[in-house]
1. From the phi of every residue in segment 55-71, what ³J(HN,Hα) in whole Hz does the Karplus formula 6.51 cos²θ - 1.76 cosθ + 1.60 yield, where θ is phi - 60° and glycine or proline is x?
2. Work out, step by step, the length gained on full extension between S31 and Y69: first 0.36 nm times the residue separation, then minus their alpha carbon distance; give nm to one decimal.
3. The chain: D in µm²/s via Stokes-Einstein (Kirkwood Rh, Cα pairs, 10 °C, 1.306 mPa s)?
4. Any idea how far apart V44 and K102 come out in nm if each label point goes 7 Å out from Cα toward Cβ?
5. Over 25 Å between Cα atoms: which of K23/K85; K11/K103; K7/K104; K85/K113 fall into that group?
6. Given the Cα-Cα distance of T86 and S8 and 0.36 nm per residue of separation, how much length would full extension add, in nm?
7. Could the peptides 48-61, 26-39 be put in order, highest first, of the mean number of other beta-carbon atoms found within 10 Å of their residues?
Amino acid sequence: MIKRKKKSIEKVEEEIREAGRMKIFHDLLWSKLPRKKVCSSCGVEIHGQNKSYYWDHLIEKSVHPELKYAEWNMYFCCGECHGSKTNGFPTDKHKQAIEEAKKKYEETILLQKEDLRTQEG
């Protein structure tokens, strides 16, 4: 039998609140999409309701949690394309979007550094 460390009530409550915040964020993004929704990677039409697995963080939120709610870091894709990316096999379009997000992130960091230097000087 595997012993698991029990989560505190506070930790569980925070996870529930975070899931709610992410759902609201995904719904906001969903509302900005055209009526006919298609996967940004493969072009397949997506029917039905918004699902969390339709949204990929181009720059992983586990590595850069500060980008969790950055709209430019989100990529709308079908479950199959999202799974392929997660497993290390993104489509060419997905790869391109990831590279563009990395460039945007680097530009943002450079601008922040410049702002700090300006404030210090």
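1. Per residue, the Karplus-derived 3J(HN,Hα) values read 10, 10, 7, 4, 9, 4, 5, 5, 8, 10, x, 5, 9, 4, 10, 7, 4 Hz.
2. On the way: separation 38, 0.36 × 38 = 13.68 nm, distance 1.54 nm.
Answer, rounded to one decimal: 12.1 nm.
3. Details: Rh = 16.6 Å.
Answer from the Stokes-Einstein relation: 96 µm²/s.
4. The modelled label-to-label distance comes out at 2.7 nm.
5. Values: K23/K85 21 Å; K11/K103 34 Å; K7/K104 37 Å; K85/K113 31 Å.
Beyond 25 Å between Cα atoms: K11/K103; K7/K104; K85/K113.
6. Working: separation 78, 0.36 × 78 = 28.08 nm, distance 2.93 nm.
Extra length from T86 to S8 when fully extended: 25.1 nm.
7. The most tightly packed comes first, giving 48-61, 26-39.
None of the figures in this text is laboratory data; all of them are computed from the coordinates on show. These figures come from a predicted structure and were not determined experimentally. Virtual Cβ from ideal backbone geometry, glycine too; neighbours counted across all protein chains shown.
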